[in-house]
Amino acid sequence: VNILLSINRMNPSLERAKETVELAAEFKGKGVVGLDFCGDCYCSDFDHFSSIFEYARKEHGLLSAVHMAEVINDKDTEAILKFKPDRVGH
(Lines give C-alpha, C1' and ligand atoms only; values in the text may rest on other atoms or scores of the structure.)
Protein backbone atom coordinates (compact mmCIF):
# COMPACT_ATOMS: atom_id res chain seq x y z
CA VAL A 1 0.00 0.00 0.00
CA ASN A 2 1.24 3.44 -0.92
CA ILE A 3 -0.08 6.73 0.36
CA LEU A 4 -0.91 9.99 -1.39
CA LEU A 5 -1.27 13.12 0.71
CA SER A 6 -4.08 15.38 -0.48
CA ILE A 7 -4.02 18.99 -1.50
CA ASN A 8 -7.62 20.11 -1.43
CA ARG A 9 -8.96 22.79 -3.76
CA MET A 10 -11.22 23.95 -0.94
CA ASN A 11 -8.21 25.27 1.01
CA PRO A 12 -6.58 27.81 -1.33
CA SER A 13 -3.59 28.42 0.96
CA LEU A 14 -0.38 27.83 -1.02
CA GLU A 15 1.52 27.85 2.26
CA ARG A 16 -0.60 24.95 3.52
CA ALA A 17 -0.14 23.11 0.21
CA LYS A 18 3.63 23.52 0.44
CA GLU A 19 3.55 22.17 4.01
CA THR A 20 1.78 19.09 2.61
CA VAL A 21 4.51 18.69 -0.01
CA GLU A 22 7.22 18.93 2.64
CA LEU A 23 5.43 16.35 4.77
CA ALA A 24 5.12 14.02 1.77
CA ALA A 25 8.83 14.48 1.02
CA GLU A 26 9.73 13.71 4.63
CA PHE A 27 7.86 10.39 4.44
CA LYS A 28 8.78 9.51 0.86
CA GLY A 29 10.09 5.96 0.85
CA LYS A 30 8.22 5.23 4.09
CA GLY A 31 4.86 4.63 2.41
CA VAL A 32 4.19 8.06 0.92
CA VAL A 33 4.69 8.24 -2.85
CA GLY A 34 3.05 11.48 -3.85
CA LEU A 35 0.21 13.97 -3.82
CA ASP A 36 -3.47 13.92 -4.70
CA PHE A 37 -5.34 17.02 -5.94
CA CYS A 38 -8.94 16.79 -4.84
CA GLY A 39 -11.95 18.75 -3.64
CA ASP A 40 -14.76 20.90 -4.96
CA CYS A 41 -13.72 22.07 -8.41
CA TYR A 42 -15.81 25.23 -8.00
CA CYS A 43 -13.55 26.46 -5.16
CA SER A 44 -10.30 26.94 -7.09
CA ASP A 45 -8.46 25.73 -10.15
CA PHE A 46 -5.28 23.80 -10.84
CA ASP A 47 -3.43 26.91 -12.09
CA HIS A 48 -3.53 28.25 -8.53
CA PHE A 49 -1.64 25.16 -7.29
CA SER A 50 0.46 24.27 -10.35
CA SER A 51 3.68 25.75 -8.96
CA ILE A 52 3.31 23.58 -5.86
CA PHE A 53 2.89 20.42 -7.93
CA GLU A 54 5.83 21.38 -10.17
CA TYR A 55 7.95 21.93 -7.06
CA ALA A 56 6.89 18.56 -5.60
CA ARG A 57 7.81 16.78 -8.83
CA LYS A 58 11.11 18.55 -9.55
CA GLU A 59 12.50 18.97 -6.05
CA HIS A 60 11.23 15.81 -4.38
CA GLY A 61 10.32 13.37 -7.15
CA LEU A 62 6.78 13.01 -5.83
CA LEU A 63 4.09 11.48 -8.02
CA SER A 64 0.73 13.17 -8.62
CA ALA A 65 -2.86 12.04 -8.94
CA VAL A 66 -5.33 14.69 -10.04
CA HIS A 67 -9.12 14.59 -10.03
CA MET A 68 -10.51 16.39 -13.04
CA ALA A 69 -13.38 16.71 -15.52
CA GLU A 70 -16.10 16.32 -12.91
CA VAL A 71 -17.69 19.41 -14.46
CA ILE A 72 -17.04 21.18 -17.73
CA ASN A 73 -14.14 23.53 -17.14
CA ASP A 74 -11.86 23.58 -20.17
CA LYS A 75 -9.33 25.96 -18.63
CA ASP A 76 -8.81 23.72 -15.60
CA THR A 77 -8.71 20.53 -17.69
CA GLU A 78 -6.15 22.03 -20.07
CA ALA A 79 -3.94 23.17 -17.17
CA ILE A 80 -4.00 19.70 -15.65
CA LEU A 81 -3.25 17.97 -18.95
CA LYS A 82 -0.41 20.41 -19.61
CA PHE A 83 1.10 19.46 -16.25
CA LYS A 84 0.89 15.74 -17.19
CA PRO A 85 0.02 14.16 -13.85
CA ASP A 86 1.05 10.58 -13.18
CA ARG A 87 -2.56 9.54 -12.64
CA VAL A 88 -5.93 11.07 -13.48
CA GLY A 89 -9.09 10.38 -11.54
CA HIS A 90 -12.56 10.67 -13.11
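The values are calculated or read from the model by the stated rules, or taken from the named source; none is laboratory data. Please read these numbers as outputs of a predicted model, since none were measured by experiment. Quick reminder, even Gly has a Cβ in these numbers, built from the backbone with ideal geometry, and neighbours come from all protein chains shown. Side chains included, ligands, DNA and RNA excluded: accessible areas come from the protein's heavy atoms. Shrake-Rupley method; radii C 1.70, N 1.55, O 1.52, S 1.80 Å.
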Would you work out what percent of the accessible area of the chain, with all protein chains in place, is carbon or sulfur (probe 1.4 Å)?
53
Counting Lys and Arg as +1 and Asp and Glu as -1 over every other residue whose Cβ sits under 9 Å from the Cβ of CYS41, the net charge comes to -3
Per residue, the convex hull enclosing the Cα atoms of the chain spans a volume in Å³ of 81
Find the accessible area per residue for the chain; the probe is 1.4 Å, ligands and nucleic acids are left out, and the unit is Å².
61
Considering amide H positions built from the backbone, and no H for Pro or chain starts, which residues 5 or more places from VAL32, or on another chain, come under 5 Å of its amide H?
ILE3
The chain, relative contact order [Cα under 8 Å, separation at least 6], %:
28
Estimated distance in nm for a label pair at ARG87 and TYR42, the labels positioned 7 Å out from Cα along Cα-to-Cβ:
2.8
Quick check for me: using +1 on Lys/Arg Cβ and -1 on Asp/Glu Cβ, what's the dipole size of the chain about its Cα centre, in debye to the nearest 20?
320
